[in-house]
1. Within the chain, what's the longest stretch lacking chymotrypsin sites (Phe, Trp or Tyr not before Pro) that sit in DSSP loops with no more than 13 other Cβ atoms inside 10 Å?
2. Once amide H atoms are built 1.01 Å from N in the peptide plane, which residues 5 or more positions from Leu400, or in another chain, come under 5 Å H to H?
3. Of all trypsin sites (Lys or Arg not before Pro) in segment 113-194, which ones are in loop regions per DSSP and have a Cβ with at most 13 other Cβ atoms within 10 Å?
4. How much length, in nm to one decimal, is gained on full extension between Asp89 and Val27, taken as 0.36 nm per residue of separation minus their Cα-Cα distance?
5. Residues in segment 436-459, backbone N under 18 Å from the label point at Val319 (7 Å along the Cα-to-beta-carbon vector): list them, ranges by number please.
6. Between Thr240 and Arg161, what length comes free when the chain is fully extended (0.36 nm per residue of separation minus the Cα-Cα distance, one decimal in nm)?
7. If one computes the Cα centroid of segment 381-428 and of segment 148-186, what distance in Å separates the two points?
8. Can you run phi through the Karplus equation (6.51, -1.76, 1.60; θ = phi - 60°) for segment 364-380 and list ³J(HN,Hα) in whole Hz, with x for Gly and Pro?
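Just so it is clear, none of the values below were taken in a lab; they were calculated from the coordinates. Keep in mind that this is a model prediction, so the values were computed, not measured. When we count neighbours, we look across all protein chains shown, and the Cβ atoms used for this are built from the backbone with ideal geometry, even at glycine.
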Amino acid sequence: MRSSMLWLVLAHVVGWSGLAQALTGDVEVGEALANQHCVACHGPGGVGLGPIPSLAGMQAESFQETMKLLRSGKRESTTMGQLSAEMTDQQFADLAAYFSGLEPVTDPLEVQRLHHVSAAACQWCHEDIYRQWAGSMHAKSTALRDPIHEMMYRQEVGDPREEGQLHQRSQRYPVCLQCHAPNAAKDGSTKLDAMAAYSEGVNCVACHQISGYKGVRGEGGALRLGLPAYETSSVLQGPTGYPFDKVRAFEGSDDAGNPHFDKLDAFGQRVSATLPLQGNPSMLRGNDLCLGCHHLRPNPQGVPLCATGDEFEASGAQVTCQSCHMPIADGVAHHGMAGGHDVAQLARAVQLIVDLEPIENGVRANVVMQNQLPHKMPTGAPFRNVQVKVTALDENGKVLWENYTDDPQKEAPDAYLFYQLADDEGKPAMPPVATQVGVDSRLGPHERRVLTYEIPVKPAVVRAEMFYNLVFKGMKPNVMKYTDDETLLEPKRMAFFEARVTP
Ligand code: HEC
Ligand code: HEC
Ligand code: HEC
Ligand code: HEC
Ligand code: HEC
Ligand code: HEC
């Protein structure tokens, strides 16, 4: 702070200030910029902790002037010169409008809002992890970025860009956001484009603020879904943490840029980190971190829509979700969190084999499916479904026989793995209105299932394939209203096996 004052005084003396007309800034644009580019060092809400100056309440004109001096290098700096090199005067004005409107702070900890910190603040240093996360469904979990979710959210709630929306049936704050946009839920907001930390859905701080797990089943059977199932902290939670006595001199050290360390200031005094972090292996290295959002979710009538956690518990498996969903790649835990949207992940779900036995006039094919997973396959959202296609071919690849041509549900019900919800009469019903479970033909955790077909022809090859669909056929036109991505809903071939008939 002191050095900047000095520079401002100098600026006046030397006459740099007032050369350019001050521009008018836009507070919202400024806030977005600040949450993306400044928050990692200057703290949430412009409240710097430690040696980095607070920006909250800085007078708008001197802010812009300071930024210009830093950009031009006329004011020396460790990082700010480089950081502002590409920025425009208009951006300075927008940032000035935002920071000048904030209350200068007396008690920094009180206004620290970890859940407002955008993933872009972490991108700077955690580039690979950021990229992996940005491609994941966690980064696209809101109705602003996921067309399948948007379709249902608009049906059940309303406009994701409007404040004050209610879940229509319950007339309550939309429970969806407790899992799909937890940072907005923390503020009770439904305007998901209000800040990056909302529209980013399950972003870095959404997970790394989780410090404890209370469970989804509260006292008296009341459900706590998503955020309410957790305890959260204003300190980042990491899998390892740092030794308590680890401090770093700010300048000239290898860890100078590490905002998680406490620092020693010029007088050797210890000052708190801008983004303090503590080790919490029992959360970060265990299933509990995932289960608040992934355990189960019933509809208002109590019918389970998804129950990945229940499935997992029933399987008795000891392996963690992270071991499959966050494999180590290039030295870090991969944050791509692949699931049903990812064909490479799907390919690892089932061991598919075809055994052939000769029979009179043909061949008997045993199609063996071994679910490799400690949860169902498909798991999750109640409209995921898998079709098992079996084809007998001659030497030239001509199809001689197939278990279905068009609709497996009608022609080969065994070959259709799906979860169907039903109404009182047992007729198929959409998730929000269903009153009972209709059919559940998905593979159970670790289940081995054999489909047997007596094929009345003499083929050269019998081929089995599994095709995964994110939604039921009938839902496709509705989802396509919200996206141009033609490939999103195409069936994905997740498994393939060919057995040759030995003459
Ligand atoms: C990597 C950490 C880092 C980031 C990110 C960062 N700053 Fe800084 N900022 C500093 C440091 C350190 C200083 C002290 C001067 C120096 O050594 O560069 C500073 C100083 C400043 C000052 C001078 C304040 C004063 O009173 O002296 C302003 C204004 C400022 N930063 C604005 C910003 C804005 C706006 C952003 C986002 C666009 C930003 N900074 C992003 C580290 C950072
Ligand atoms: C200015 C650079 C910088 C920024 C910004 C930054 N980090 Fe870090 N972070 C580091 C460094 C350096 C390490 C230590 C080396 C490593 O593990 O990559 C680290 C480590 C971590 C760890 C692992 C700690 C452990 O317990 O093993 C987590 C988790 C983490 N950061 C989360 C975040 C999140 C979330 C953000 C954004 C809110 C963030 N970081 C922003 C530099 C940064
Ligand atoms: C704050 C809630 C929350 C937490 C914590 C969370 N998730 Fe998720 N996860 C979601 C939401 C919401 C989606 C769905 C996004 C969508 O498709 O709209 C999702 C999607 C996924 C998917 C991808 C599904 C697909 O359609 O491809 C996988 C896999 C996944 N999560 C695994 C995990 C694992 C493993 C953990 C723990 C390490 C975890 N999640 C923690 C909320 C959460
Ligand atoms: C769905 C929850 C979730 C989200 C979202 C998430 N993380 Fe993580 N992160 C974890 C878990 C769990 C681990 C620990 C993995 C392990 O040790 O098995 C972890 C580990 C890390 C580590 C340590 C990596 C290592 O291998 O040592 C860093 C750094 C980190 N996260 C940064 C980030 C950043 C930056 C973002 C946003 C771009 C982010 N995380 C988003 C759950 C999450
Ligand atoms: C043995 C590896 C493995 C383990 C352990 C595992 N999963 Fe999965 N998971 C997969 C594979 C492979 C898929 C893709 C197939 C599917 O969707 O069923 C998947 C799919 C998912 C999906 C995507 C559902 C969708 O709608 O797209 C979610 C969510 C999920 N897993 C959550 C979890 C959670 C939570 C845990 C821990 C309780 C866990 N998984 C443990 C391998 C694993
Ligand atoms: C308890 C947490 C939780 C709540 C509450 C919740 N969801 Fe989800 N939702 C998830 C998770 C986790 C996934 C992704 C993994 C899976 O398929 O289970 C998901 C997936 C979805 C999908 C599929 C997205 C895709 O990309 O295929 C839709 C649609 C959806 N949710 C709609 C809603 C709506 C609408 C609400 C509110 C009425 C809601 N959800 C409430 C956790 C939740």
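1. On the way: sites that count: Phe244, Phe267.
Segment 1-243 is the longest.
2. When sequence neighbours closer than 5 places are left aside, the close amide H contacts are Ala392, Leu393, Asp394.
3. Working: sites: Arg113, Arg131, Lys140, Arg145, Arg154, Arg161, Arg169, Arg172, Lys186, Lys191; in loops: Arg113, Lys140, Arg145, Arg161, Arg169, Lys191.
Here the sparse-neighbourhood loop sites are Arg169.
4. Numbers: separation 62, 0.36 × 62 = 22.32 nm, distance 1.45 nm.
Answer, rounded to one decimal: 20.9 nm.
5. It comes to 443-449, nothing else.
6. Numbers: separation 79, 0.36 × 79 = 28.44 nm, distance 3.75 nm.
Between Thr240 and Arg161, full extension yields an extra 24.7 nm.
7. 34
8. Values, residue by residue: 9, 10, 9, 8, 9, 10, 10, 6, 7, 9, x, 10, 5, 9, x, 9, x Hz.
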